[in-house]
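Here the structure is laid out as structure tokens; the discussion comes afterwards.
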Amino acid sequence: MANGLDDVVAAETSLSDVDGLGGHLTIRGHALAQLAGRWSFVQVVRLLLDGFFENLPDDAELAARLGEARVDVFDRVVPALPLLAPLEVYSAMRAGMALLPDGETLTDALRLIAAPAVLTPALLRLRRGEQPVAPYGKADHAADMLRMLNDESVSPELAKPLDTYLVTVCDHGLNASTFATRVVASTQAGLTSSVLAGLGALKGPLHGGAPGPVIEMLDAIAAHGDAAGWLRNEIAQGRRIMGFGHRIYRVRDPRADVLKAVVRKLGGDGETGRRLAFAETIEQTALEVLRIAKPQRSLQTNVEFYTALVLEAAGFPPDAFSNVFAAGRVAGWVAHAREQQTTGRLIRPQSRYVGPVPDLVA
């Protein structure tokens, strides 16, 4: 039996392929580099959902329907958010999404895809003592998310990095949250129940909860002043260097390269530019320290490192990074749930009992 199900094939999928040895990510026949920065998030949503819903509309109509879904989610769920706002922002978002209908239609799917983009800004504003801002259904998805966060119009130049980020994290093989989604979908429980399972798995610090600590690491190194010394001490204490290494990739995470290019476009002469330049210096130092400290392992930069920088530059606090991760990954969860329901069966693996054996009475 493989510990942690390493190398066990649990599903056949047409959605994405992760080549850990080659460092490639394929999404429905397209290399990530062909999509990120070139296709909008809505176009990639359509790519993922194609074949799983009848009469899937074209890109323009799907964008309009996703805008309508944002408005629908706001009207349905935001009135309940003041009761949820005292929770941590991720748990509050998850609780809000649990209020959505548990259906199987395209409308249900688009509500789920819209929900993190609507609920996260609303919750962050409530925590700041501000009123949530209603979505503008005709806006681009990422731009509307930023507009709801700051209550001001957003230029395409500012919205593009977030849109690229959502594309970059939309799907990634049979990771923990996607597998959890497919397990629940295999019971025919409904799309909302399936997505809630994915949300639960994504919260963990070994999965979607990891980008936030990257910011803590950068701040700690800046305060310490000696990057190499700080990193060597962390390794000596047996602590993980956040933003480096990956369960599947044995070379550099291709998503890190995509987001690094995004980060460089965000830079400049101001505070953001200085922060990003500092992070690049830390990246190079960390790679060298890891190479010397752990020569037997290939610990390369992963998506978490540059995720933290992109989302910080976009104005999201670290404790909401997983929310924004979910805003992209939910498209993949919905597609996997539909694929499991249409092509799979109930997922019911076996276990091997290793506990004590009862005495048998003669």
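Computed from the coordinates by the stated procedures, all read-outs in this text should not be read as laboratory data. What you see is a predicted model, and the numbers here were worked out from it, not measured in a lab. So basically every Cβ, Gly included, is an ideal-geometry build from the backbone, and we count neighbours across all protein chains shown.
Observations on the structure shown:
- Between Q131 and A98, the FRET efficiency estimated from the beta carbon spacing at R0 = 25 angstrom works out to 0.60.
- Rounded to the nearest 20, the size of the Cβ-charge dipole of the chain about its Cα centre is 640 debye, with Lys and Arg at +1 and Asp and Glu at -1.
- With both labels modelled 7 Å from their Cα along Cα-to-Cβ, the N3 to K138 distance reads 5.9 nm.
- Given charges at Cβ of Lys, Arg, Asp, Glu: the range 273-324 dipole, positive-most of I292, G273, L309: I292
- The chymotrypsin sites (Phe, Trp or Tyr not before Pro) of the range 284-356 that meet both conditions, a loop assignment by DSSP and at most 10 other Cβ atoms within 10 Å of the site Cβ, are Y353.
- For the range 286-303, putting each phi into the Karplus relation 6.51 cos²θ - 1.76 cosθ + 1.60 with θ = phi - 60° gives couplings of 5, 4, 5, 4, 5, 4, 6, 6, 10, x, 7, 10, 9, 10, 9, 4, 10, 4 Hz, in residue order, rounded to whole numbers and with x for Gly and Pro.
- Under 27 Å from K294, Cα to Cα: lysines that are on another chain or at least 8 residues apart: K260
- Candidate cross-link partners of K138 among the lysines, defined by an alpha-carbon separation under 21 Å and a same-chain spacing of 8 or more, comprise K160.
- Built amide H within the under 5 Å cut-off of W39, gap 5+: none
- Positive-end ranking of G51, V354, V78 along the dipole of the chain, with charges on Cβ about the Cα centre, is headed by V354.
- Stretching the chain fully between T343 and Q188 yields a gain of 54.6 nm (0.36 nm per residue, less the alpha carbon separation).
- Take every pair of alpha-carbon atoms less than 8 Å apart whose residues are at least six positions apart; their mean separation over the length of the range 218-362 yields a relative contact order of 27 percent.
- Counting only Cβ charges, +1 for Lys and Arg and -1 for Asp and Glu, the dipole size of the range 283-353 around its Cα centre is about 620 debye.
- Comparing A337, A36, Q237 along the charge dipole axis of the chain, the residue lying farthest to the positive side is Q237, per the Cβ-charge model.
- If the chain linking Q34 and D59 were pulled fully straight, counting 0.36 nm for each residue of separation and taking away their Cα-Cα distance, it would gain 7.3 nm.
- Dipole size of the range 211-314 about its Cα centre, with +1 on Lys/Arg Cβ and -1 on Asp/Glu Cβ: approximately 520 debye, rounded to the nearest 20.
- Averaging the Cα positions of each part gives two centres, and for the range 70-116 and the range 139-190 these lie 14 Å apart.
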